[in-house]
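Take a look at the structure below.
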Amino acid sequence: MAEHIDPVPIDVSALVQRTVATLYSHLVTRPTGRAVRLAIESQLARRLGDANGPALSLVDLSEVGVLDFSCADEVVARLLAAYLPDSRPREAFFVFVGVGELHREPIQTVLVRHSLTAVAEQNGEYDLIGATSTPLHDVWRSIEAAGTVPLNELDSMFHVPADRRAVDELIRQRLVLHLQAVDGVQTLSTVARALR
Amino acid sequence: MNVISVPASLDYRTVDELYGAVVEASEAGSKSLVDLRHLRFVDPNGMVALLSVGSLLRDRHGEPGPMSLPESGDVLGYLARMGFFEQAQRFFEFGEIPARRGGRASDVLLEISPIAENRHVHDVVDRVQERAESILSRTLEYPPTAVVKFSVILSEVCQNILEHAEAPGWVAAQVYTWEKRLQRQVLVIAVADMGRGFKGSLADEHATRFSDRWGDATALEAAFMHGLTRFPDSGRGHGIQQIRRQVRRWDGLLSIRSGTARIRDVPSWESDPPMETDLPRFPGAQINIILPARAQAPETAANG
């Protein structure tokens with residue numbers, strides 16, 4: 001299934017160095033965050049060109065030392081928010097990798113403030129971060145354990161109304177990917193593992 | 001010529017005396033001499049307050065005003081080491097900049113640093129990394145992760161100047177031993193700007209809903225307690241809220257002085273009220289953070 005997706009690995013640390021011009025290893029201040037977000041989006045546009053298929057962007061924070069709340073708001077929350085509506089610039093999905101313990105609090109805080117959820121990776125372990133709930137987490141884990149869940153099996157697999165609502169929320173927040181080739185859904189983490 | 005006598009001890013508890021003297025001098029109208037001769041102790045709050053006063057007086061009179069230097073050689077040397085005079089020469093006339101003697105003191109975390117552009121915040125965060133590690137872990141006995149959390153506080157507090165004051169400001173940080181008050185060492189971080197203050201910054205977006213209750217105290221409450229900003233979108237207002245949360249975790253004190261009011265989160269070791277009003281007018285904003293060394297656990301202290 002991975003061949004249907006264009007991988008776009010993004011090293012945020014390298015982006016900061018390129019776009020802000022000075023060698024900042026720390027992601028601080030809102031203007032810097034805004035510059036990084038725009039750089040991620042322009043890199044997406046450059047790499048994907050006119051391709052219409054889904055693309056998974058791995059936003060790598062592993063080389064980032066300090067991440068403040070203003071920068072996290074721009075680089076994580078506002079980036080995700082821009083790709084939620086139907087009018088999004090392209091079919092991009094985002095996974096934040098190399099999310100260290102000290103990155104988690106700013107990211108968690110800004111996502112909750114925007115009522116958003118993201119997929120974050122640390123040491124090979126993926127998890128949801130942000131505005132999560134127990135049903136959302138449980139359903140996400142179930143889909144991840146299954147690998148691919150065919151669309152026509154979603155109702156039977158998640159027959160409890162709260163679980164079914166969680167499936168819809170995972171799709172709405174683009175935390176699972178609908179793969180048309182197999183007419184099923186996968187978590188972004190499953191896709192990311194396949195691509196890395 | 002008015003004389004603005006600076007208190008012998010100028011810190012976050014006495015800056016209001018200085019602001020009060022400036023208000024009196026401004027009512028008198030003529031040019032003012034800022035008299036530091038009797039200054040015996042000054043902390044980062046006192047230094048950034050002096051710069052704010054200098055900026056205010058220069059703008060009022062259109063040129064730098066006179067300042068008499070401290071008689072105490074120790075205070076003079078300390079101000080020189082903190083880079084006070086490099087900043088002060090824009091606002092005051094005091095002759096030659098006193099020479100910086102000796103190297104950087106180990107208890108200075110951050111010399112007075114101007115914050116006028118985004119790059120200054122990056123610069124400050126970059127510069128404090130090495131010294132913050134030493135001061136936070138060895139002096140204050142905070143865990144190693146404190147360096148990053150402290151850097152985030154520093155970044156957010158400096159951005160407050162750029163985003164809300166729309167005027168330049170300064171930041172400084174220094175460790176002191178508070179033997180009498182706390183029997184511990186404390187890290188004092190002071191930020192000040194001569195911008196439009198919290199009331200001015202929030203007025204367009206929020207004044208109407210507060211009606212005739214709108215003032216310096218309600219503006220500080222709105223920002224401090226409720227995270228309101230002058231921006232209408234929901235992603236703003238993290239800064240002060242996150243600073244409050246982290247300072248509370250470290251049992252620290254956080255206060256903001258703006259206009260005629262001061263609001264603060266009061267730790268267990270402090271007895272000041274959470275809100276003060278009817279203070280001498282200070283047009284910008286001054287943020288004061290005091291982080292105490294971790295208290296020894298009772299059994300450890302008893303064993304020690």
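The values are calculated or read from the model by the stated rules, or taken from the named source; none is laboratory data. Worth saying up front: this structure is predicted, and the values here are computed from it rather than measured. Please note: Cβ atoms are built from the backbone with ideal geometry, for glycine as well, and neighbour counts cover all protein chains shown. The protein model used for the area step is the full one, side chains on, heavy atoms only, and it has no ligands, DNA or RNA in it. Shrake-Rupley method; radii C 1.70, N 1.55, O 1.52, S 1.80 Å.
Mind listing whichever residues of segment B:211-253 are of a type in the set (S, T, N, Q) and within 14 Å of chain A (Cβ to nearest Cβ)? Spell out how you get there, then give the answer.
Our first condition is that a residue be of a type in the set (S, T, N, Q); within segment B:211-253, this holds for B:211, B:218, B:229, B:234, B:241-242, B:246.
Scanning segment B:211-253 gives B:Thr229, B:Ser234, B:Gln241, B:Gln242, B:Gln246.
Give B:Asp278, B:Asp251, B:Asp272 a once-over and let me know the one that is within 21 Å of A:Glu105 (Cα to Cα), surrounded by fewer than 24 Cβ atoms within 10 Å (Cβ to Cβ) and among the acidic types (Asp, Glu).
B:Asp251
Mind listing whichever residues of segment B:106-126 are facing chain A (nearest Cβ under 10 Å) and open to solvent by less than 50 Å² (accessible area, probe 1.4 Å)? Walk me through how you get there before you give the answer.
Step one: filter segment B:106-126 for residues facing chain A (nearest Cβ under 10 Å), giving B:117-126.
Correct list: B:Asn118, B:His120, B:Val121, B:His122, B:Val124, B:Val125.
Name the single residue, out of those in segment A:98-115 being buried (at least 22 other Cβ atoms within 10 Å of the Cβ) and in contact (Cβ under 8 Å) with a residue 40 or more places away in the chain, that is farthest from the other protein chains (Cβ to nearest Cβ).
The residue in question is A:Ile107.
Which pairs do you get when a residue that is of a type outside the set (A, V, I, L, M, F, W, C), found in segment A:44-64, comes within reach of a residue that is outside any strand (DSSP E or B), reach meaning Cβ atoms under 6 angstrom, with the pair 6+ apart or on two chains?
As it stands, the answer is A:Pro54/A:Ile5; A:Pro54/A:Glu91; A:Asp60/A:Val12; A:Asp60/A:Gly98; A:Ser62/A:Gly98; A:Glu63/A:Ser13, since those pairs meet every condition given.
Is segment A:128-145 home to any residue that is hydrophobic (A, V, I, L, M, F, W, C), more than 30 Å from B:Glu133 (Cα to Cα), away from chain B (no Cβ under 14 Å) and open to solvent by 50 Å² or more (accessible area, probe 1.4 Å)?
Yes, there is a match, as at least one residue in segment A:128-145 is hydrophobic (A, V, I, L, M, F, W, C), more than 30 Å from B:Glu133 (Cα to Cα), away from chain B (no Cβ under 14 Å) and open to solvent by 50 Å² or more (accessible area, probe 1.4 Å).
Within segment B:223-233, is even one residue modelled with pLDDT of 90 or more, within 16 Å of B:Ile290 (Cβ to Cβ), open to solvent by 20 Å² or more (accessible area, probe 1.4 Å) and of a type outside the set (Asp, Glu)?
Within segment B:223-233, not a single residue is modelled with pLDDT of 90 or more, within 16 Å of B:Ile290 (Cβ to Cβ), open to solvent by 20 Å² or more (accessible area, probe 1.4 Å) and of a type outside the set (Asp, Glu).
(1) surrounded by 20 or more Cβ atoms within 10 Å (Cβ to Cβ); (2) assigned to a strand (DSSP E or B); (3) away from chain A (no Cβ under 14 Å): which one isn't true of B:Gln185, the others all being true?
So the condition that B:Gln185 fails would be (1).
Per-residue answers, yes or no, for (1) within 16 Å of the chain's Cα centre (by Cα); (2) among the aliphatic types (A, V, I, L, M):
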| site | (1), (2) |
| --- | --- |
| A:Thr32 | no, no |
| A:Val36 | yes, yes |
| A:Leu44 | yes, yes |
| A:Ser57 | yes, no |
| A:Ser62 | yes, no |
| A:Asp73 | yes, no |
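In this structure, does B:Val34 turn out to be in contact with a helix residue (DSSP H, G or I) (Cβ under 8 Å, 6 or more places away or on another chain) and of a type in the set (Val, Ile, Thr)? Working first, answer last.
Working: in contact with a helix residue (DSSP H, G or I) (Cβ under 8 Å, 6 or more places away or on another chain): yes; of a type in the set (Val, Ile, Thr): yes.
Considered against the rule, which asks whether it is in contact with a helix residue (DSSP H, G or I) (Cβ under 8 Å, 6 or more places away or on another chain) and of a type in the set (Val, Ile, Thr), B:Val34 comes out as yes.
Can you give me the number of residues within segment B:27-59 that are among the aliphatic types (A, V, I, L, M) and open to solvent by 60 Å² or more (accessible area, probe 1.4 Å)? Spell out how you get there, then give the answer.
Going through segment B:27-59, the residues among the aliphatic types (A, V, I, L, M) turn out to be B:28, B:33-34, B:36, B:39, B:42, B:47-51, B:53, B:56-57.
Keeping just the survivors that are open to solvent by 60 Å² or more (accessible area, probe 1.4 Å) gives B:28.
Within segment B:27-59, residues that are among the aliphatic types (A, V, I, L, M) and open to solvent by 60 Å² or more (accessible area, probe 1.4 Å) number 1.
Can you name the residue in segment A:71-82 that is open to solvent by 10 Å² or more (accessible area, probe 1.4 Å) and touching a helix residue (DSSP H, G or I) at 6+ places or on another chain (Cβ under 9 Å) and is also farthest from A:Arg104 (Cα to Cα) among such residues? Reasoning before the result, please.
Quick first cut of segment A:71-82, residues open to solvent by 10 Å² or more (accessible area, probe 1.4 Å) only: A:78, A:80-82.
The next check asks that each one be touching a helix residue (DSSP H, G or I) at 6+ places or on another chain (Cβ under 9 Å); those that pass are A:78, A:80, A:82.
Working: A:Arg78: 16, A:Leu80: 16, A:Ala82: 21 Å.
Among them, the one singled out is A:Ala82.
Please work out which one of (1) among the aliphatic types (A, V, I, L, M); (2) part of a loop (DSSP other than H, G, I, E, B); (3) in contact with a strand residue (DSSP E or B) (Cβ under 8 Å, 6 or more places away or on another chain) is the condition B:Leu228 fails and give its number.
(3)
Testing B:Gly215 on (1) surrounded by 15 or more Cβ atoms within 10 Å (Cβ to Cβ); (2) out of contact with any helix residue (DSSP H, G or I) (no Cβ under 7 Å at 6 or more places or on another chain), one condition comes back false. Which one is that?
For B:Gly215, the exception is condition (2).
Just give me the residues in segment A:169-196 being over 15 Å from A:His137 (Cβ atoms) and in a helix (DSSP H, G or I), in sequence order.
Listed by number, the residues that qualify are A:Ile171, A:Arg172, A:Thr190, A:Val191, A:Ala192, A:Arg193, A:Ala194, A:Leu195.
Are any of the residues in segment A:27-40 polar (S, T, N, Q), buried (at least 19 other Cβ atoms within 10 Å of the Cβ) and within 24 Å of B:Gly227 (Cα to Cα)? First the steps, then the outcome.
Of the residues in segment A:27-40, the ones polar (S, T, N, Q) are A:29, A:32.
Pick out the ones that are also buried (at least 19 other Cβ atoms within 10 Å of the Cβ) and you get A:29, A:32.
From the residues that got through so far, the ones that are within 24 Å of B:Gly227 (Cα to Cα) too are A:29, A:32.
Among the residues of segment A:27-40, at least one is polar (S, T, N, Q), buried (at least 19 other Cβ atoms within 10 Å of the Cβ) and within 24 Å of B:Gly227 (Cα to Cα), which makes the answer yes.
Can you tell me which residue in segment A:48-70 is surrounded by the fewest Cβ atoms within 10 Å (Cβ to Cβ), limited to those that are among the hydrophobic types (A, V, I, L, M, F, W, C) and part of a helix (DSSP H, G or I)?
A:Leu48
Are any residues in segment B:70-87 free of Cβ contacts under 8 Å to residues at least 40 places away in the same chain and in contact with a helix residue (DSSP H, G or I) (Cβ under 6 Å, 6 or more places away or on another chain), and if so, which ones?
Passing the criteria: B:Pro70, B:Phe84.
What residue, among those in segment B:141-167 that are touching a strand residue (DSSP E or B) at 6+ places or on another chain (Cβ under 6 Å) and away from chain A (no Cβ under 14 Å), is farthest from A:Cys71 (Cα to Cα)?
First pass over segment B:141-167, keeping only residues touching a strand residue (DSSP E or B) at 6+ places or on another chain (Cβ under 6 Å): B:157-158, B:161, B:165, B:167.
Narrowing the set further to residues that are away from chain A (no Cβ under 14 Å) leaves B:165, B:167.
Numbers: B:Ala165: 19, B:Ala167: 21 Å.
My answer is B:Ala167.
Only one of these conditions is not met by B:Ile256: (1) within 14 Å of chain A (Cβ to nearest Cβ); (2) in a strand (DSSP E or B); (3) not hydroxyl-bearing (Ser, Thr, Tyr). Which number is it?
Against the list (1) within 14 Å of chain A (Cβ to nearest Cβ); (2) in a strand (DSSP E or B); (3) not hydroxyl-bearing (Ser, Thr, Tyr), B:Ile256 comes up short only on (1).
It is to be established whether one or more residues within segment A:83-91 are within 28 Å of B:Ser155 (Cβ to Cβ) and either surrounded by 15 or more Cβ atoms within 10 Å (Cβ to Cβ) or touching a helix residue (DSSP H, G or I) at 6+ places or on another chain (Cβ under 9 Å) (or both).
yes
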